[in-house]
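**Q** This is the structure I want to talk about, given as structure tokens.
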Amino acid sequence: MISIDCYAYSNNLKTVHPVEKSLFAMITMVVCLTSPTVITPLIVLALMAGGIVCKAGIPARVFVKLMLVPLSFLLLSVLTIAFSISTNPSGFWLAQTINGVTVGTRYPDLITAVHLFLRSLGAVSCLYFLALTTPMTELITVLNKMRVPVIITELMVLIYRFIFVFMETATTIRRAQFSRSGYVSFKSSYRSLSRLFSALLGKVFVKSQELYNSMAARCYTGEIKVLTKKRPVSLRNYLIITGLEIPLILLNLLWR
Amino acid sequence: MAELILEAVDLEYSYPDGTNALRKVNLQVQQGEKLAILGSNGAGKSTLFMQFNGIFRPNSGSIKYQGQDISYKSKELIELRKKVGIVFQDPDSQLFSASVYQDISFGPLNLGLSEEKVAERVKRAMKDTETTDLEDKPTHLLSYGQKKRVSIAGVLAMGPEVIIFDEPTAGLDPRHAREFMQLLEKLSIEGKTIILSTHDVDLAYSWSDQMAIMYRGEIIAHGKPGELLMRSEIVERADLTLPWLIEMHTELVKKRLAVSVYPFAENEGGFA
Amino acid sequence: MAELILEAVDLEYSYPDGTNALRKVNLQVQQGEKLAILGSNGAGKSTLFMQFNGIFRPNSGSIKYQGQDISYKSKELIELRKKVGIVFQDPDSQLFSASVYQDISFGPLNLGLSEEKVAERVKRAMKDTETTDLEDKPTHLLSYGQKKRVSIAGVLAMGPEVIIFDEPTAGLDPRHAREFMQLLEKLSIEGKTIILSTHDVDLAYSWSDQMAIMYRGEIIAHGKPGELLMRSEIVERADLTLPWLIEMHTELVKKRLAVSVYPFAENEGGFA
Amino acid sequence: MSLRKIKNISLLIAYVLAVYIVFPNNAYAMHIMEGFLPFNWAAFWWMAMIPFVIVGVRSIKKTVTEHPSLKMLLGMAGAFAFVLSALKIPSVTGSCSHPTGVGLGTILFGPTAMTVLGMIVLIFQALLLAHGGITTLGANTFSMGIVGPFVSYGIYKGCKKLGAPLWLSVFLSATIGDLMTYITTSFQLGLAFPAASGGVMASALKFMGIFAFTQLPLAISEGILTVMVINILSAY
């Protein structure tokens, strides 16, 4: 239903220990974020693209498509930073003055924007590496190990499961509405949607009571305890992570 | 009676996630027909139905309504959906409004009819489905059988020519299933074309005058129910069971207690 | 074999909103029995089941497990729920985790077993329900039948003596229903007591060795399936239909083609 | 018409067109994407978020020990919020937007629970849909899970106290809650990227201006929709 989620369960790296994948993705992301140069993000982008496409076996087409998802936010925000409006036309590198108001870009702003653009893409590729290779259920156990409050991980388990249940319900309701000519006009769209929302909300109440009953039948006493299958820990992977991160960190430090 | 109303031509469809749902499906539906589509879960019955009123768009091939390829422009889609109504399997996802009256009026209101016209249609649909005394009830307090009836009323109120029922008797107890089949009979007499999907072979056998068997996205057989079900290899291939009448008959033929024509005329079968 | 394991004595229950759900229900379940509870939608079957492991507490009357009134103190309730497991009708409101393995481990972990013991039990339950190869799949990518099997595994892993199935074959196509009945047979051979509710008379008839018929919160009949179903007035009162074997037999008796004992021994029936 | 006016109008049209091209569906415009905030600011917002999350966790823990079944309800409410945000709503300008569900959730479950639920939903949005991110989780939770719900809640309570009709309280609380979320995000961006001339304020205003086109109609649409949903719910 959600393509990122599907790949997380079917990629070639799914059996790798989730802690190893999380460490790799998060360290790289921080390295990318703290880099003073545009070279690091470019290397990170290449590294993650390689990991996602070659190692995890996710089609390159899918990866490229996913990289385009945040592009709308990115372009608009980066342009906002690059361009400014001012009544003082001095200091602009490229500008157009209309009516005493200058719209244009200053050189340092442009550099910030380009750097920001690449840095964000690099970080997003790290996020994708983690999301595309690691099943959510295992990520939640990583959070458990990090001593995130139990109530948060418990809620995450429930929310993750029921996202799909409610999404399916929402899809069928929407189809039923479409087949009865819902969403044909502005007014009918609002009517259709408000009913879809309230019908879903009704389900939330009914289903949660049913779930409580069925969990009580399995001796639920207030804490949701589960066992997760253990993945093998690989020393080799830790060595690879260290081998990849150290040069990147050195590059960051030496550039200063 | 012999006029084609709905037709699927070389229909191919796969879901966005790549699942192949329909493979070269060809199917003709005559006006006024009672067509049962048999198949196990996941055979593609529901997916095919969503094609019939344009909710899904085929990857290749086409749907014809009264001989014309259907168009996917929103105006023409409205016209099509007015003619071809679907009653979905789970009444809970079909009843999305708070009260029975509101829910039944949803379709007609979307068609842009005047309030009087809508009220009239709703009244008529409630009468036909015997839900008049439920009018003001909140939908979540209805029993399963009542919900099912209201969901049918919601489709009837749009005045469709063809009504498609997805697994209509699933979850209904025998008495409600019987009542439902009577309602279907009434609609059929009024001249509606009716298509239903089921994996209940007995029901399909006793009710339909045409039958199609689906298996893994393909229609593997289409014809008169009696003839179709005598070919037990098809039935087994589609993961179904034989209707008990035919099973009994086959046993009797084996033991030379009966002659080898197919048993009883259609519409005389067992339960339902 | 003739030991009473579960018993309902003069059970009365009404929902907080005032709906009268159970009225003076008396029912005995013998150890190792296969009991089918027949009844139409809303007859009170699910409500009765929730009493059997103490999720609902009766307004009056009591539930006895192995001759003792059950206690509603949380410790003793856990003991009871260890012995009496319920597989609910809709797997989507029973499976709370997206991971099959995690979900099955929930019950045994609540019993306070060690991690190795739990892992062992999960493995065993997955083997019994043939869900071992689903281990790495998320729940939301499973088919309905697979979800159903996982939800059974979750209950089996607790090692119950009595397993209650609420409408287990609803929504399953004939092949999956058959597979499910085979699983049930296996459990029964292992010595589990099995109770199931259904409105499929054929299934109940061919599978059970005891049968109870519920109607509007009452048990209107309880006995051997063959004897019970020969009394057509009961069957009709409960909004059910006769199984085709009996229907056929009755017809044959009328036409003097068969003798008037009840047809076939149980467990030799038709489909299922 | 003077040349100047034509130029101004064409500039406005160009802006509108540009927004339309960049935002075909106005997808999640106000989630700050992964990696967009500099490291220091990302860390700052994480720190700012944590105390609120702790308060939220405590309040949830308390209710859940009293009523164990509320844990399931909260879990499903979170799932509902996620599904809600994945659906498109028709915006008053004719395009489509995604609702945030902040107003609705706050009115139903209170602001403290919404902080925790909001944070979890944002984690799932980042990992499953690539909207928002892990490093920017703090900033996004602060605007959508803290400022939005508390403002919504304050306005809802305030309006009720002043005797405003239910629909008005609901509408104002959902609409203004939404607007505050977007204003907060603009300030977060402004703080991280102050303009060379005019500083934080100028930059924040710039972001507000750019996103106004998508966010104002969204806020109003969501207000209307929340009123309609609450009406249906309170009728039955």
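The values are calculated or read from the model by the stated rules, or taken from the named source; none is laboratory data. All of these numbers come straight from a predicted model, not from anything done at the bench. Note that we place each Cβ from the backbone using ideal geometry, even for glycine, and neighbour counts take in every protein chain shown. Each accessible area value is taken on the protein alone, full model and side chains, heavy atoms only, with ligands, DNA and RNA left out. Shrake-Rupley method; radii C 1.70, N 1.55, O 1.52, S 1.80 Å.
**Q** Considering only the range B:69-93, state which residues are closer than 15 Å to residue B:162 by Cα and in contact with a strand residue (DSSP E or B) (Cβ under 7 Å, 6 or more places away or on another chain).
**A** Just the residues of the range B:69-93 that are closer than 15 Å to residue B:162 by Cα, to begin with: B:70, B:77-88.
Within the range B:69-93, B:70, B:80, B:83, B:84, B:85, B:86, B:87, B:88 meet the criteria.
**Q** For residue B:185, work out the one condition from (1) within 14 Å of the chain's Cα centre (by Cα); (2) part of a helix (DSSP H, G or I); (3) buried (at least 18 other Cβ atoms within 10 Å of the Cβ) it doesn't fulfil.
**A** Checking residue B:185 against (1) within 14 Å of the chain's Cα centre (by Cα); (2) part of a helix (DSSP H, G or I); (3) buried (at least 18 other Cβ atoms within 10 Å of the Cβ), the one that fails is (3).
**Q** Name the residues in the range C:105-142 that are assigned to a helix (DSSP H, G or I), polar (S, T, N, Q) and surrounded by fewer than 23 Cβ atoms within 10 Å (Cβ to Cβ), would you?
**A** To start, the set of residues in the range C:105-142 that are assigned to a helix (DSSP H, G or I) comprises C:105-110, C:115-128, C:132-134, C:139-141.
If we keep only those that are polar (S, T, N, Q) as well, we get C:105, C:110, C:132, C:139.
Answer for the range C:105-142, where residues must be assigned to a helix (DSSP H, G or I), polar (S, T, N, Q) and surrounded by fewer than 23 Cβ atoms within 10 Å (Cβ to Cβ): C:110, C:132.
**Q** Looking at this structure, is residue A:16 outside any helix (DSSP H, G or I), open to solvent by 20 Å² or more (accessible area, probe 1.4 Å), more than 12 Å from chain D (Cβ to nearest Cβ) and over 30 Å from residue B:14 (Cα atoms)?
**A** Values: outside any helix (DSSP H, G or I): yes; open to solvent by 20 Å² or more (accessible area, probe 1.4 Å): yes; more than 12 Å from chain D (Cβ to nearest Cβ): yes; over 30 Å from residue B:14 (Cα atoms): yes.
So residue A:16 fits the description; yes.
**Q** So which residues in the range A:197-237 are in contact with a Leu (Cβ under 8 Å, 6 or more places away or on another chain) and more than 10 Å from chain D (Cβ to nearest Cβ), if there are any at all?
**A** Once the filter is applied, which keeps residues that are in contact with a Leu (Cβ under 8 Å, 6 or more places away or on another chain) and more than 10 Å from chain D (Cβ to nearest Cβ), the range A:197-237 yields A:219, A:225, A:226, A:227.
**Q** When you go through C:154, C:107 one by one, which is the residue that is facing chain A (nearest Cβ under 7 Å), without any contact (Cβ under 8 Å) to a residue 60 or more places away in the chain and within 30 Å of residue C:30 (Cβ to Cβ)? It would help to see each step written out before you state the result.
**A** Details: C:154 fails: without any contact (Cβ under 8 Å) to a residue 60 or more places away in the chain.
C:107 is the lone residue from the list that is facing chain A (nearest Cβ under 7 Å), without any contact (Cβ under 8 Å) to a residue 60 or more places away in the chain and within 30 Å of residue C:30 (Cβ to Cβ).
**Q** Working only within the range D:50-70, note down all residues that are basic (Lys, Arg) and more than 7 Å from every other protein chain (Cβ to nearest Cβ). Even if it seems obvious, please write down each step before you answer.
**A** Within the range D:50-70, the first condition is being basic (Lys, Arg), and the residues that meet it are D:58, D:61-62.
Correct list: D:58, D:62.
**Q** Here's a follow-up. Identify the single condition in (1) closer than 30 Å to residue B:165 by Cβ; (2) in a helix (DSSP H, G or I); (3) more than 10 Å from chain D (Cβ to nearest Cβ) that residue A:194 does not satisfy, given that it satisfies every other one.
**A** Evaluating residue A:194 over (1) closer than 30 Å to residue B:165 by Cβ; (2) in a helix (DSSP H, G or I); (3) more than 10 Å from chain D (Cβ to nearest Cβ) leaves (3) as the failure.
**Q** Somewhere in the range B:121-141, is a residue polar (S, T, N, Q) and facing another protein chain (nearest Cβ under 9 Å)?
**A** Residues of the range B:121-141 polar (S, T, N, Q): B:129, B:131-132, B:139.
Filter again for facing another protein chain (nearest Cβ under 9 Å), leaving B:139.
Yes - at least one qualifying residue is present in the range B:121-141.
Conditions (1) within 30 Å of residue B:140 (Cβ to Cβ); (2) touching a residue at least 12 places away in the same chain (Cβ under 8 Å); (3) open to solvent by 40 Å² or more (accessible area, probe 1.4 Å), marked per residue:
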residue	(1), (2), (3)
D:188	no, yes, no
D:191	no, yes, yes
D:194	no, no, yes
D:199	no, no, no
D:205	no, yes, yes
D:216	no, yes, yes
D:225	yes, yes, no
D:228	yes, no, yes
D:234	yes, yes, yes
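**Q** Based on what the data block shows, is residue C:161 surrounded by fewer than 20 Cβ atoms within 10 Å (Cβ to Cβ) and within 14 Å of chain A (Cβ to nearest Cβ)? Give the derivation first.
**A** Working: surrounded by fewer than 20 Cβ atoms within 10 Å (Cβ to Cβ): yes; within 14 Å of chain A (Cβ to nearest Cβ): no.
For residue C:161, the condition - surrounded by fewer than 20 Cβ atoms within 10 Å (Cβ to Cβ) and within 14 Å of chain A (Cβ to nearest Cβ) - is not met.
**Q** Follow-up question, since we're still on this one. Looking at the structure I just gave you, is residue A:81 part of a helix (DSSP H, G or I), open to solvent by 30 Å² or more (accessible area, probe 1.4 Å) and closer than 16 Å to residue A:119 by Cβ?
**A** Values: part of a helix (DSSP H, G or I): yes; open to solvent by 30 Å² or more (accessible area, probe 1.4 Å): no; closer than 16 Å to residue A:119 by Cβ: yes.
So residue A:81 fails the test.
**Q** Does the range A:137-153 hold any residues that are surrounded by fewer than 24 Cβ atoms within 10 Å (Cβ to Cβ), part of a helix (DSSP H, G or I) and either hydrophobic (A, V, I, L, M, F, W, C) or facing chain D (nearest Cβ under 9 Å) (or both), and which are they?
**A** Residues satisfying the conditions are A:139, A:142, A:143, A:150, A:151, A:152.
**Q** Can you give me the number of residues within the range A:16-38 that are more than 18 Å from residue A:239 (Cβ to Cβ) and hydroxyl-bearing (Ser, Thr, Tyr)?
**A** 3
**Q** Residues in the range A:100-124 that are modelled with pLDDT under 90 and open to solvent by 10 Å² or more (accessible area, probe 1.4 Å): how many?
**A** Residues flagged as modelled with pLDDT under 90 and open to solvent by 10 Å² or more (accessible area, probe 1.4 Å) within the range A:100-124 amount to 10.
**Q** Sticking with this one: Tell me, yes or no, whether the range A:166-173 has at least one residue that is open to solvent by 10 Å² or more (accessible area, probe 1.4 Å), part of a helix (DSSP H, G or I), at the interface with another protein chain (Cβ under 7 Å from one of its Cβ atoms) and free of Cβ contacts under 8 Å to residues at least 40 places away in the same chain. Spell out how you get there, then give the answer.
**A** Narrowing the range A:166-173 to residues open to solvent by 10 Å² or more (accessible area, probe 1.4 Å): A:167-169, A:171-172.
After this cut, where a residue has to be part of a helix (DSSP H, G or I) as well, the list is A:167-169, A:171-172.
Still in the list and also at the interface with another protein chain (Cβ under 7 Å from one of its Cβ atoms): A:167, A:169, A:172.
Filter once more, keeping what is free of Cβ contacts under 8 Å to residues at least 40 places away in the same chain: A:169, A:172.
Checked against the condition, which is being open to solvent by 10 Å² or more (accessible area, probe 1.4 Å), part of a helix (DSSP H, G or I), at the interface with another protein chain (Cβ under 7 Å from one of its Cβ atoms) and free of Cβ contacts under 8 Å to residues at least 40 places away in the same chain, the range A:166-173 yields at least one hit.
**Q** I'd like the full set of residues that are open to solvent by less than 10 Å² (accessible area, probe 1.4 Å) and either within 13 Å of chain A (Cβ to nearest Cβ) or without any contact (Cβ under 8 Å) to a residue 24 or more places away in the chain (or both), limited to the range D:140-174.
**A** D:140, D:141, D:145, D:169, D:170, D:174
**Q** Could you look through the range B:91-104, keep only residues that are of a type in the set (S, T, N, Q) and at the interface with chain A (Cβ under 7 Å from one of its Cβ atoms), and pick out the one that is surrounded by the most Cβ atoms within 10 Å (Cβ to Cβ)? Walk me through how you get there before you give the answer.
**A** Quick first cut of the range B:91-104, residues of a type in the set (S, T, N, Q) only: B:93-94, B:97, B:99, B:102.
Going one step further and asking which of them are at the interface with chain A (Cβ under 7 Å from one of its Cβ atoms), we end up with B:93-94, B:97.
Numbers: B:93: 23, B:94: 28, B:97: 23.
Here the answer is B:94.
**Q** Something else about it: Testing residue A:232 on (1) part of a helix (DSSP H, G or I); (2) open to solvent by 70 Å² or more (accessible area, probe 1.4 Å), one condition comes back false. Which one is that?
**A** Result: residue A:232 fails condition (1) only.
**Q** Among the candidates B:35, B:11, B:27, single out the residue that is buried (at least 22 other Cβ atoms within 10 Å of the Cβ), in a strand (DSSP E or B) and either under 17 Å from the mean Cα position of the chain (by Cα) or among the acidic types (Asp, Glu) (or both). Don't jump to the end; show me each part of the working.
**A** Details: B:11 fails: either under 17 Å from the mean Cα position of the chain (by Cα) or among the acidic types (Asp, Glu) (or both); B:27 fails: buried (at least 22 other Cβ atoms within 10 Å of the Cβ).
Selected residue: B:35, the only one of B:35, B:11, B:27 that is buried (at least 22 other Cβ atoms within 10 Å of the Cβ), in a strand (DSSP E or B) and either under 17 Å from the mean Cα position of the chain (by Cα) or among the acidic types (Asp, Glu) (or both).
**Q** Something else about it: Of everything in the range B:82-104 that's in contact (Cβ under 8 Å) with a residue 24 or more places away in the chain, under 17 Å from the mean Cα position of the chain (by Cα) and outside any helix (DSSP H, G or I), which residue is nearest to residue B:198 (Cα to Cα)?
**A** To start, the set of residues in the range B:82-104 that are in contact (Cβ under 8 Å) with a residue 24 or more places away in the chain comprises B:82-89, B:91-92, B:94-95, B:97-101, B:103-104.
Narrowing further to those that are under 17 Å from the mean Cα position of the chain (by Cα): B:82-89, B:91, B:94.
Subsequent filtering for residues that are outside any helix (DSSP H, G or I) retains B:84-89.
Numbers: B:84: 19, B:85: 17, B:86: 14, B:87: 13, B:88: 12, B:89: 10 Å.
If we take residues in the range B:82-104 being in contact (Cβ under 8 Å) with a residue 24 or more places away in the chain, under 17 Å from the mean Cα position of the chain (by Cα) and outside any helix (DSSP H, G or I), then B:89 is nearest to residue B:198 (Cα to Cα).
**Q** Does the range A:125-135 contain at least one residue that is touching a Cys at 6+ places or on another chain (Cβ under 7 Å), buried (at least 20 other Cβ atoms within 10 Å of the Cβ), within 10 Å of chain D (Cβ to nearest Cβ) and within 28 Å of residue A:32 (Cα to Cα)?
**A** Yes - at least one qualifying residue is present in the range A:125-135.
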